[in-house]
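The values are calculated or read from the model by the stated rules, or taken from the named source; none is laboratory data. This structure is a prediction, so every number in the text was calculated from the model and none was measured. For neighbour counting, all protein chains shown are included, and Cβ atoms are generated from backbone atoms with ideal geometry for every residue, glycine included. All accessible areas refer to the heavy atoms of the entire protein, side chains included, with ligands and DNA or RNA removed. Shrake-Rupley method; radii C 1.70, N 1.55, O 1.52, S 1.80 Å.
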Amino acid sequence: MYLTEEDIPRLAAFLRMKTAAFEERYVYRTRHLRRLRVPRHAQCEFLKDGGCSVHPAKPLQCASFPYWPELVEKGNKKNWKKTGEWCPGIGKGALVQIQAARAVAEQMREAHPGLYGG
């Protein structure tokens, strides 16, 4: 799970931790990216049986799913359909206009240029 610089203090505050302590415990940094450390027992430290335990403060990558660039940009219908095979939200609920989905995808692209060739 990739993080923006804004995600880190928001998550820390939600967990009532100092930002530095949160980062030391949960964040792995490289030169261009920040991401949550992956625990041995799960895909995400905050994914519990009842769902996301940090839902109100969840990272942009989580909040924007499934409207990621690789799923909603032109020419990616195949990726969208494949993701819909396991994502319980795709194809359900109110219709979301593609322009709105692509606007969310652009937020992801801007927030994570290292992932999207920026």
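The residues listed here are 26, 67; of these, the one that is of a type in the set (Phe, Trp, Tyr) and in contact with a strand residue (DSSP E or B) (Cβ under 6 Å, 6 or more places away or on another chain) is 26. Here residue 21 clears all of (1) surrounded by 11 or more Cβ atoms within 10 Å (Cβ to Cβ); (2) over 30 Å from residue 117 (Cβ atoms); (3) modelled with pLDDT under 95 except the condition numbered (3). Summed over the stretch 45-73, the residues that are at pLDDT 90 or above and part of a loop (DSSP other than H, G, I, E, B) give a count of 9. Does the stretch 92-110 contain any residue that is closer than 29 Å to residue 15 by Cβ, touching an Asp or Glu at 6+ places or on another chain (Cβ under 8 Å) and modelled with pLDDT of 90 or more? Scanning the stretch 92-110, I find at least one residue that is closer than 29 Å to residue 15 by Cβ, touching an Asp or Glu at 6+ places or on another chain (Cβ under 8 Å) and modelled with pLDDT of 90 or more, so the answer is yes.
Scanning the stretch 28-85 for residues that are farther than 18 Å from residue 109 by Cα, under 15 Å from the mean Cα position of the chain (by Cα) and charged (D, E, K, R) yields 37, 45.
Here's the yes/no breakdown for (1) open to solvent by 50 Å² or more (accessible area, probe 1.4 Å); (2) not in a helix (DSSP H, G or I):
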| site | (1), (2) |
| --- | --- |
| 11 | no, no |
| 35 | yes, yes |
| 75 | yes, yes |
| 79 | yes, no |
| 113 | yes, yes |
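Could you check the stretch 50-73 and list, in sequence order, the residues that are open to solvent by less than 30 Å² (accessible area, probe 1.4 Å) and in contact (Cβ under 8 Å) with a residue 12 or more places away in the chain?
Once the filter is applied, which keeps residues that are open to solvent by less than 30 Å² (accessible area, probe 1.4 Å) and in contact (Cβ under 8 Å) with a residue 12 or more places away in the chain, the stretch 50-73 yields 54, 57, 59, 61, 64, 66, 69, 71, 72.
A search for C-beta distances below 9 Å between a residue of the stretch 20-39 that is of a type in the set (Asp, Glu) and any residue that is in a helix (DSSP H, G or I), counting only pairs 6+ apart in sequence or on different chains, returns 23/8; 23/12. How many of the residues making up the stretch 24-33 are in a loop (DSSP other than H, G, I, E, B) and buried (at least 17 other Cβ atoms within 10 Å of the Cβ)? The qualifying residues number 0. Cβ-Cβ contacts under 7 Å between residues 6 or more apart (or on different chains), taken from a first residue in the stretch 97-109 that is over 10 Å from residue 73 (Cα atoms) to a second residue that is among the aliphatic types (A, V, I, L, M) and in a helix (DSSP H, G or I), are listed as 107/60; 108/60. When the residues of the stretch 98-111 are filtered to those that are surrounded by 16 or more Cβ atoms within 10 Å (Cβ to Cβ) and aliphatic (A, V, I, L, M), the one that is nearest to the chain's Cα centre (by Cα) is 108.
When each of 47, 15, 95 is tested for being open to solvent by 90 Å² or more (accessible area, probe 1.4 Å) and farther than 16 Å from residue 2 by Cβ, the lone residue that passes is 95.
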